[in-house]
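J.: Here's a structure for you.
Readers should treat all values here as calculations from the given coordinates under stated rules, not as data from a laboratory. Since we're looking at a predicted model, the values are computed, not measured. A quick note on method: Cβ atoms are made from the backbone with ideal geometry, for glycine too, and the neighbour counts reach across all protein chains shown.
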Amino acid sequence: MNMIEKSLKSPETFYRVEERSEKCFYGCEQEWYHSDWQKQSGCGPTTACNLLSYMEASSLSSKKQISISKEYGLFRMQESWEHVTLTENGIPTTKMFWVHY
């Protein structure tokens, strides 16, 4: 059997820089949320935010500059939180994410 190799075309789209300290991150982190509940249960929205950011930045039709700041990442995480939130079964389907975008 032949193995198929896949890789991200633009891994640099995951880089985030904190404006105040210039500290670099690789993708958004759920620890950035302000509330304890979001920090504990924010893996879905955080992942959704990372995926959205990657798709937005790597889209051939996207000609606008994408912010790489940590602050913008947190803004997008809060946005994602409104649409990708935990249920009793976790996040059982991706439909709750894409139906809003």
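J.: Arrange SER69, SER21 by Cβ neighbour counts within 10 Å, fewest through most, would you? Display every interim value, and only then the final one.
T.: Working: SER69 13, SER21 8.
The order, fewest Cβ neighbours first, is SER21, SER69.
J.: When a footprinting reagent is the concern and you count Cβ atoms within 10 Å, what order do ARG20, ARG76 take, fewest first? Kindly include the intermediate steps, with their values, before the conclusion.
T.: Working: ARG20 9, ARG76 20.
Placing the least packed residue first, the sequence is ARG20, ARG76.
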